[in-house]
Amino acid sequence: MQTALQQTISNFFGINNQATSSMLSFFKEEHLTKDQFFVKKEQYCDRLSFIQEGYLRVYAESGNKEITQWISVPNYFITELSSYIFGMRSRFHIRAISDCVLYTIKKSDYAQLSKVIPNWPAIENKFISSCFITLENRVFNFLSLSAEERYDKLFEENKEIFNQVPLQYLASMLGMSPETFSRIRNKKLS
């Protein structure tokens, strides 16, 4: 039986079983407890993790409030990209909302993938392009959809998040006040 990470690597990257096994050998299981930081703002992030179980929140402070940039869910990857790729200090905090099981690859091991997987640069390019498309879609939706449409889209794409993540984090991620989020939610529940 394949793990979620094996399935994701095989399906997403389109590589054969041998290359998948080679890639998997670099990932190590890691556990975070609820409220534990994956990385704090201003630290360096030297790891990329696949979320097997749990939820992580990417956020920053602005004045006296926290702004949720993203909620990472099971079966997706998480890192602080500018830090991981460019060695910059992290711009965001990444913190576990729940207990998490992660499969993590260190940056030094990630650099070895091109030595063990033929055509890794093309595969990596596809991965980064997919991340960029996700970001483009998110920005476009944020600019073009109403608050209620953004709520509906998130609910449509990720229903379980509404039962697993504090609602004020979802409101912040969707760019609305908790009151607006509650009003929309109550309308949907009635």
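General remarks:
- Qualifying residue in the range 40-58 (condition: of a type in the set (F, W, Y), surrounded by 15 or more Cβ atoms within 10 Å (Cβ to Cβ), touching a helix residue (DSSP H, G or I) at 6+ places or on another chain (Cβ under 8 Å) and within 20 Å of P166 (Cβ to Cβ)): yes
- Single residue of the range 47-68 satisfying the filter (in a strand (DSSP E or B) and of a type in the set (F, W, Y)) that is farthest from Y103 (Cα to Cα): Y59
Residues are listed down the side, and each one gets a yes or a no for (1) farther than 24 Å from S62 by Cα; (2) among the basic types (K, R); (3) in contact (Cβ under 8 Å) with a residue 60 or more places away in the chain; (4) not in a helix (DSSP H, G or I):
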position: C131; (1), (2), (3), (4): yes, no, no, no
position: E136; (1), (2), (3), (4): no, no, no, no
position: R150; (1), (2), (3), (4): no, yes, no, no
position: K159; (1), (2), (3), (4): yes, yes, no, yes
position: F162; (1), (2), (3), (4): yes, no, no, no
position: Q168; (1), (2), (3), (4): no, no, no, no
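- Leading residue by the ranking (surrounded by the most Cβ atoms within 10 Å (Cβ to Cβ)) among those in the range 74-129 that are of a type in the set (V, I, T) and part of a loop (DSSP other than H, G, I, E, B): T79
- The residues on offer are T33, T8, T3, T20, and the sole one that is under 30 Å from R89 (Cα atoms) and at pLDDT below 90 is T8.
- Residues located in the range 1-30, provided they are within 19 Å of the chain's Cα centre (by Cα), surrounded by 13 or more Cβ atoms within 10 Å (Cβ to Cβ) and outside any helix (DSSP H, G or I): T3, F27, K28, E30
The values are calculated or read from the model by the stated rules, or taken from the named source; none is laboratory data. Just so you know, these numbers come straight off a predicted model, no measurement behind them. With ideal geometry, Cβ positions are generated from the backbone for all residues, glycine too; neighbour counts draw on all protein chains shown.
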